[in-house]
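Accompanying notes for the structure given below.
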Amino acid sequence: MSTGSCSSVGVVGAGIQGVCIGLQLLKKDIPTTIFDSTDLKERASYGNAGHFSPYAVLQLNRPDILYDIPRMLFSSNGPLALKWNYIPKMLPWIARYLKNCNKKSMLHTAKYMNQILDLSMEAYEEIFQEIDTTNLVEKKGIIYIWTNRNLKSRELEIKVRDDLGVKQKLLSVKEILDLEPNLKPVFSGGVYFDYASHARDPGEFLKKIFELFIQRGGKFIKENVKSVSQISAKETLIKTDSKEFKFEKSVIAGGAFSKKLTDQLGEKIPLDTERGYHVHFKGMDKLLNRPVIFLDGAFGMTPMNQGLRAVGTVELGGLENPASKKRIQYIVNCAKELLPQLGEHEDEWLGFRPTLPDFLPVLGPSKHNKNIIYAFGHQHLGWTLGAITGKIISGILTNEKTNLDLSAYSSTRFS
Ligand SMILES: Cc1cc2nc3c(=O)[nH]c(=O)nc-3n(C[C@H](O)[C@H](O)[C@H](O)COP(=O)(O)OP(=O)(O)OC[C@H]3O[C@@H](n4cnc5c(N)ncnc54)[C@H](O)[C@@H]3O)c2cc1C
């Protein structure tokens, strides 16, 4: 064992966080078992836009967005939607979120997102060396475009990134069209993160990391976890629907589903979900050279092996409501506005971003059970943050010293 003592770990969740944590633990020779009850397609890590976005320091808790929310909500054709039957349950989350839409909180979140985003790609580079990424990871940059409807918001984003030293290149309409000649020029400007990369099939990429975990001796149990508890100073207990398993330490990395388990541990962590959707336009991936995000519509398109993946919207509606046809239609309409040559879409998919009302993840020991570690709440950036989360959490499990200030990610900020 390379560092501090840990004889075994159980990890709940085989999304990108759980699998990256598992891989890091095996590197430290710690026997690790991952639990997950679902198939790959049910994970947020399967259907996301695939962007590795180390530049995305600014989150949705911002004063400027606060003023746009009423207009967005009451337009059936906007990027934000509610499932009204779920709103009473989500009111405490919404109240906390609105409280966080101020400059101080926005800058706090940006600072602590930047701290981990800054290390995110270095952490992935290690994984890129260990799996075959041919036709799976492309480094062609990512472009954000916009009209001049919300220029104040665009200026704010550019300034916050500048202040935090994030590299960005502003683009004119002509420069955007030079890079992406098929786009209909309905936009008035944009920004280019030329060092960014994307996955051409997040599901396949996740599968490869998972297979590496298994090849290296990791165990996987396909069962629903009913509870995680600490039963003594050196023992935690994971109870599935059919059995019980003991590990020295356990990790809850269940994405948007983590709250069921943390509620049992005497903590009221206000985790909820921002639902998002994707569709594919088969054979149309060649229309774009790289991912393009249209900020006015909060949607994007990524060239993938399945075709052109159109992704987006934020729908507040919990984990149980069915998918909304209107949201799918919204994404299809947005995609066709930019690329009128698109035909029929396929593969409608709904996924659950795990989001806390201050838009920071929870990374660290649970409040009352120090051998149960949390790793969830990565909202729109969980794909980017998988590898670095693996490193941070494996370090916490082995009591490694770190130069990072992890206090901002503690669950105790909600108590
Ligand atoms: C539409 C959309 C687009 C996105 N685009 C991007 C992007 O471009 N870039 C980016 O960085 N991020 C993006 N994200 C966010 C990113 O996908 C998520 O933040 C990330 O995948 C979360 O990973 P996770 O491992 O925490 O959760 P998941 O991938 O959801 O995995 C959690 C797993 O835990 C399992 N689980 C939970 N509880 C239990 C239990 N009790 N028992 C057994 N198993 C359990 C679940 O079944 C699930 O398989 C996007 C998300 C969406 C929805």
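For the chain, what does the relative contact order come out to in percent, with C-alpha contacts under 8 Å and a separation of six or more? Each step should come with its number before you reach the end.
Numbers: 906 pairs, mean separation 109.7, N = 415.
Relative contact order of the chain: 26 percent.
Using a 7 Å offset from Cα along Cα-Cβ at E122, what residues in segment 355-397 end up with backbone N under 19 Å from the label point?
Only 384-396 fall inside the zone, counting backbone N under 19 Å.
Apply the Karplus parameterisation 6.51 cos²θ - 1.76 cosθ + 1.60, with θ equal to phi minus 60°, to every residue of segment 314-321 and state each ³J(HN,Hα) to the nearest whole Hz, in sequence, with x for glycine and proline.
For segment 314-321, the Karplus-derived couplings read 10, 10, 8, x, x, 9, 9, 4 Hz, x marking Gly and Pro.
Could you list T384, T262, T402 so that the one with the fewest beta carbons within 10 Å of its beta carbon is first and the one with the most is last? Write out the running numbers ahead of the final one.
Numbers: T384 27, T262 22, T402 10.
If I rank by nearby Cβ atoms, fewest first, I get T402, T262, T384.
Can you tell me the mean projection area, over all orientations, of the convex hull of the chain's alpha carbons? Units nm², please. Kindly include the intermediate steps, with their values, before the conclusion.
On the way: hull surface 74.5 nm².
Orientation-averaged projected area of the Cα hull: 18.6 nm².
So which of K139/K167; K28/K139; K28/K260 end up more than 23 Å apart, counting from Cα to Cα?
Values: K139/K167 16 Å; K28/K139 30 Å; K28/K260 30 Å.
In this structure, K28/K139; K28/K260 lie more than 23 Å apart at Cα.
Would you mind calculating the gained length between Y195 and K282 on full extension (0.36 nm times residue separation, minus the Cα-Cα distance), in nm to one decimal?
Numbers: separation 87, 0.36 × 87 = 31.32 nm, distance 2.69 nm.
Here the segment from Y195 to K282 would lengthen by 28.6 nm.
Would you grab the residues whose amide H sits under 5 Å from the one on L164? Only those 5+ places off in sequence or on another chain, please, with H modelled 1.01 Å from N.
Amide H neighbours of L164: none.
Go ahead and collect, in residue order, the members of segment 8-26 whose backbone nitrogen is under 17 Å from a label point 7 Å along the Cα-Cβ direction of I131.
Backbone N within reach: 13-26.
Which of the helices in the chain meet the span-like rule: DSSP H, Cα axial reach of 24 Å or more, Kyte-Doolittle mean at least -1.0? It would help to have the intermediate numbers written out before the result.
Numbers: long enough: 103-130 (41 Å, -0.55).
For the chain, where a helix must reach 24 Å along its axis and average at least -1.0, the hits are 103-130.
Test of understanding: what is the full-extension gain from E235 to E344, defined as 0.36 nm times their sequence separation minus their Cα-Cα distance?
Values: separation 109, 0.36 × 109 = 39.24 nm, distance 5.36 nm.
Separation in residues times 0.36 nm, less the Cα-Cα distance, equals 33.9 nm.
Mind checking which of A256, A95, A56 has the largest fluctuation in a GNM of the chain, springs on alpha carbons under 10 Å?
A95
Taking amide H atoms as placed 1.01 Å from N in the peptide plane, list the residues 5 or more away in sequence, or in a different chain, whose amide H sits under 5 Å from that of S188.
It is W146, T147, N148, by chain and number.
Please identify every one of the trypsin sites (Lys or Arg not before Pro) in segment 261-311 that sits in a loop by DSSP and has no more than 12 other beta carbons within 10 Å of its own beta carbon.
On the way: sites: K268, R275, K282, K286, R309; in loops: K268, K282.
The qualifying sites are K268.
Loop sites only, by DSSP: take the GluC sites (Glu not before Pro) in the chain that have at most 11 other C-beta atoms within 10 Å and name the longest stretch containing none of them.
On the way: sites that count: E320, E344.
That would be 1-319.
For segment 316-387, what is the largest minus smallest coordinate of the Cα atoms on each principal axis, given in angstrom and ordered from greatest to least?
54, 27, 22
Please state the relative contact order of segment 260-415 as a whole percent: Cα pairs under 8 Å, 6+ residues apart? Intermediate values should be presented prior to the final figure.
Values: 262 pairs, mean separation 39.0, N = 156.
Relative contact order comes out at 25 percent.
Only helical DSSP H runs with n ≥ 4 go in: add -39500 (n - 2.57) per run for the chain, normalise by residue count and round the 222 nm mean residue ellipticity to 500 deg cm²/dmol. If you can, show how the numbers build up before the last one.
Working: 11 runs with 133 residues, N = 415.
Result for the chain: -10000 deg cm²/dmol, rounded to the nearest 500.
So if each residue of separation counts as 0.36 nm, and I subtract the Cα-Cα distance between T412 and L319, what length gain in nm does that give?
Details: separation 93, 0.36 × 93 = 33.48 nm, distance 2.43 nm.
Result: 31.0 nm gained on full extension.
Obtain the nm distance between the two label points defined at N77 and R216 by a simple spin-label model: each point lies 7 Å from its Cα along the Cα-to-C-beta direction.
5.0 nm
Label points 7 Å out from Cα along the Cβ direction at E175 and K243: separation in nm?
Simple spin-label model gives 5.7 nm for this pair.
Fewest first, what order do W146, W383 take by the number of other Cβ atoms within 10 Å?
On the way: W146 20, W383 25.
Neighbour counts put them in this order, fewest first: W146, W383.
Sort L25, L170 so that the residue with the fewest other Cβ atoms within 10 Å of its own Cβ comes first and the one with the most comes last. Intermediate values should be presented prior to the final figure.
Values: L25 26, L170 11.
Ordered by Cβ neighbours within 10 Å, fewest first: L170, L25.
We did not get these values from a lab; they are worked out from the coordinates using the rules stated. Fair warning: this is a prediction, and the values are worked out from it, not measured in the lab. All Cβ positions, glycine included, derive from the backbone under ideal geometry; neighbour counts span all protein chains shown.
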